[in-house]
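Okay, structure first, notes after.
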Amino acid sequence: MKPQFWVAGSCLGAIMLGIGSADASEAGCLQIDANQVTAQIGPMFSGMMTEEINHSYDGGLYAELIQNRVFEDNADIPVHWSVVQGAGSVAEMALDHAKPLNDQLTTSLRLTVKEVGHEGGAGIANDGYWGIPVKPATTYRASFYARASDDFSGAVTASIASPDGATVYAQAAVDHLSGEWKEYTVSLTTPPGIKPTADARFVLLAHSPGTLWFDLVSLFPPTWKDRPNGNRIDLMQKLADMKPGFLRFPGGNFLEGSSIETRFPWKKTLGDLSTRPGHPGCWGYRASDGLGMLEFLEWAEDLNAQPVLAVYAGYSLPPKNEVVKPGPELAPYVADALDEIEYVMGATNTTWGARRAEDGHPEPFKLTYVEIGNEDWFDPSGSYDARFTQFFDAIKAKYPQLQCISTVGNEQPESKRVHSRVPDAVDEHYYRSAEDFEQEAPTRFDHYSRQGPKIFVGEWAAYEDVVPWSEKSWRQPPTSSLKAALGDAAWMIGMERNADIIVMQCYAPLLVNINRGARQWRPDLIGYNALESYGGPSYYVNAMFNTNRGDEVVHTALSGLAAGATPALDCSATKDSATGMLYIKVANTTPLSQSMRVRIEGVKRVSSRGFDVELGSSQLDVNNSMSNPGNIVPTTHKIKGLGREFTREFPPYSVTVLKIKTK
Ligand code: AHR
């Protein structure tokens, strides 16, 4: 099936009548047959791809504010911690392995207070993830495990304070510390009227000499839906506004790890935080695993999105390229994946379903898709076919209803696309320049066989000119400009028109902490620091598309073009079968205003009024930023003069969604 045709010669009446303004270029006529449904679009068509990259979770979505809270980030020194000494106080700190909190958290921070002066006490401070965000009239939950030597008898105060200690925004005291490990919790409430700042740190101060040990020091601001151990509110709001249908997790490369040993350890990410040591991530920093398996699932649930679970499939990243040999050696990994699936969707009378209930979520999560590995075409040993087969057979035997996704798709050379079992879907990844997307979008998926596996475009993004993995990209803004967003729009239009074979698609990566040293990849959709966040133009294009879709793709044909000419506009049309709302998406990637005649067939009535949602600029390099988050955002206008036929001009460098009521 080829959902869109570019035909020379039809709709000629309109073209010959010279409809459209004099200075606009004539883009032809878009014929829409609203009665001819070329594909159903399910609620899972567009979603989110996520992993621990760019401090997406730690220092990002996961609301924890203390960096290196279990003192495992560096084996030698307590990074992100410093000694605080009020006037006349003397103290020192060091990592300590004696008498650990438990067998998971084996490193604590030892604070030795030798002298306490008249002012302030002595203690430790954490600088957070590029600062601790202080907002007015906000209550933070601080907690820590501690024990003290017998000679320590004073109080410990927890506070949020400016780096010089001159301003204390909120403070609370714990009067007495036990000699045994115990958890202490206090509330810290900032006063109203203060100016928000991230120039602050979290401080624990002792007020008499002695030795104190700390572990799992935590500070949470209010979270989305008030979930304990939950997510940052502003970021969740931005994600909710995108209306994602699914959440693909936990990677990406983060699933695979740089070695088998450092793959995503889902079982170690369950349960109380005091049993989560974290693990080395593959993007240059350690993951706290505070956002662990259950938190991923609840994150999806909070957004009405379905999890798309990627299970570790026995291959870890270059340059080591470690592979678990298919056969008996791989069997425990397959069993682990089955346990993981059971944790997600098993009844509470199963081992892992019971564990999920114990963790606080008795209700099973809905799961349709399981992805086996990530980008296994990187595996130079060529073992993926055998590994995929082993996982596929085991998953299908236990859960015949699950759809298994292979990570080797049609964008890979044929030699790599060996499948002894036909996957239900294949995951294809596209990081391309905006020009490449614009060129490929109109036809790429039209040519795909309709007989093969369904397509999951599990990672895609347009960049302007520098590839995302190049060091040079670090000099560019974290989010991409309108230029790339136009490429993204063209690409999304191509995917939407081919929704008969593309079952899901998601931009990647989703999140980026914009501080120096926090980012490993650009472009990304949403940027943030400790205090605030913003969406780039591509974020808004994604949101525009996801919130204006309906459930059916209808037939479109562009006519009036010279034979062989490349269309100036990318177009698709979808419909909401329940309401009759028609959504026409148009990307004008050219510097010229393009006039287009639109003819709607296959409906009894077309409303003369509707809406136009538009994002665009005369400049290609416009972007949003933390200091100017609303520089380029979509605007919605009421429009009139619509009907079965009308002419519309699409401004240079613009993305438009026309919303028209039909019957
Ligand atoms: O999205 C960034 C990375 O790109 C993903 O981790 C990986 O799957 C791909 O190569």
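Can you run down the residue pairs with Cβ atoms below 8 Å, 6 or more apart or on separate chains, where the first is in the stretch 369-385 and over 16 Å from Ser420 (Cα atoms) and the partner is open to solvent by 30 Å² or more (accessible area, probe 1.4 Å) and within 16 Å of the ligand (Cβ to nearest atom)?
From the stretch 369-385, the pairs are Asn374/Asn253; Glu375/Asn253; Phe378/Pro318; Phe378/Asn321; Asp379/Asn321; Pro380/Asn321; Ser381/Asn321.
Tell me the residue from Glu411, Glu375, Glu371 that is touching a His at 6+ places or on another chain (Cβ under 8 Å), modelled with pLDDT of 95 or more, of a type in the set (D, E, K, R) and within 16 Å of the ligand (Cβ to nearest atom), please.
Glu375
Quick check on this structure: which one of Val334, Val426 is β-branched (Val, Ile, Thr), in contact (Cβ under 8 Å) with a residue 12 or more places away in the chain and more than 16 Å from the ligand (Cβ to nearest atom)?
Of Val334, Val426, the one residue that is β-branched (Val, Ile, Thr), in contact (Cβ under 8 Å) with a residue 12 or more places away in the chain and more than 16 Å from the ligand (Cβ to nearest atom) is Val334.
Does Phe650 fit the bill of being buried (at least 22 other Cβ atoms within 10 Å of the Cβ), in contact (Cβ under 8 Å) with a residue 12 or more places away in the chain and on the phi < 0 side of the Ramachandran plot?
So Phe650 fits the description; yes.
Residues in the stretch 492-517 that are touching a Phe, Trp or Tyr at 6+ places or on another chain (Cβ under 7 Å), in a loop (DSSP other than H, G, I, E, B) and more than 23 Å from Asp241 (Cβ to Cβ): how many?
Residues in the stretch 492-517 being touching a Phe, Trp or Tyr at 6+ places or on another chain (Cβ under 7 Å), in a loop (DSSP other than H, G, I, E, B) and more than 23 Å from Asp241 (Cβ to Cβ): 3 in total.
Looking at Pro307, Pro362, Pro328, can you tell me which residue is touching a Ser or Thr at 6+ places or on another chain (Cβ under 7 Å), at pLDDT 95 or above, not in a helix (DSSP H, G or I) and not polar (S, T, N, Q)?
Of Pro307, Pro362, Pro328, the one residue that is touching a Ser or Thr at 6+ places or on another chain (Cβ under 7 Å), at pLDDT 95 or above, not in a helix (DSSP H, G or I) and not polar (S, T, N, Q) is Pro362.
Given the condition crowded, with 16+ Cβ neighbours inside 10 Å and more than 25 Å from Gly458 (Cα to Cα), answer yes or no: does some residue in the stretch 363-375 qualify? Outline the logic, then answer.
Going through the stretch 363-375, the residues crowded, with 16+ Cβ neighbours inside 10 Å turn out to be 364-365, 367-375.
Next cut, more than 25 Å from Gly458 (Cα to Cα) only: none.
Checked the stretch 363-375: no residue is crowded, with 16+ Cβ neighbours inside 10 Å and more than 25 Å from Gly458 (Cα to Cα).
Which condition does Gly88 not pass, out of (1) farther than 26 Å from Leu188 by Cα; (2) crowded, with 18+ Cβ neighbours inside 10 Å; (3) more than 16 Å from the ligand (Cβ to nearest atom), if it passes all the others?
(2)
Going by what's in this entry, would His118 be described as open to solvent by 10 Å² or more (accessible area, probe 1.4 Å), at pLDDT 95 or above and not charged (D, E, K, R)?
No.
So which strands (runs of 3 or more DSSP E) are wholly in the stretch 574-656 and hold at least 2 residues that are among the charged types (D, E, K, R)?
It comes to 594-601, 606-616, 645-650.
Please work out if Glu645 is of a type in the set (Asp, Glu) and either farther than 20 Å from His555 by Cβ or touching an Asp or Glu at 6+ places or on another chain (Cβ under 6 Å) (or both).
no
What residue, of Val541, Val554, is in a helix (DSSP H, G or I) and in contact (Cβ under 8 Å) with a residue 12 or more places away in the chain?
After applying the criteria, what remains is Val541.
Hey, could you check the stretch 491-516 for residues that are more than 24 Å from Gly60 (Cβ to Cβ) and among the charged types (D, E, K, R) and say which is nearest to the ligand (Cβ to nearest atom)?
Within the stretch 491-516, the match that is nearest to the ligand (Cβ to nearest atom) is Glu496.
Taking the criterion of being among the charged types (D, E, K, R) and modelled with pLDDT under 95, would at least one residue in the stretch 173-185 satisfy it? Give the steps one after another, and end with the answer.
Within the stretch 173-185, the first condition is being among the charged types (D, E, K, R), and the residues that meet it are 175, 180, 182-183.
Restricting the remaining residues to those that are modelled with pLDDT under 95 gives 175.
Yes, that holds for at least one residue.
Which one is nearest to Gly251 (Cα to Cα) among residues in the stretch 452-463 that are more than 14 Å from the ligand (Cβ to nearest atom) and buried (at least 20 other Cβ atoms within 10 Å of the Cβ)?
Filtering first and then ranking leaves Ile455.
Where in the stretch 190-271 are there strands (runs of 3 or more DSSP E), lying fully within it, with 2 or more residues that are within 16 Å of the ligand (Cβ to nearest atom)?
Per the criteria, 246-249.
Which numbered condition in (1) within 16 Å of the ligand (Cβ to nearest atom); (2) assigned to a helix (DSSP H, G or I) is the only one that Pro380 fails?
Going through (1) within 16 Å of the ligand (Cβ to nearest atom); (2) assigned to a helix (DSSP H, G or I) one by one, Pro380 breaks only (2).
The values are calculated or read from the model by the stated rules, or taken from the named source; none is laboratory data. Keep in mind it's a predicted model, so treat the numbers as computed, not measured. Neighbour counts run over all protein chains shown; Cβ positions are idealised from the backbone, glycine included. Note: areas computed on protein heavy atoms with side chains; ligands, DNA, RNA excluded. Shrake-Rupley method; radii C 1.70, N 1.55, O 1.52, S 1.80 Å.
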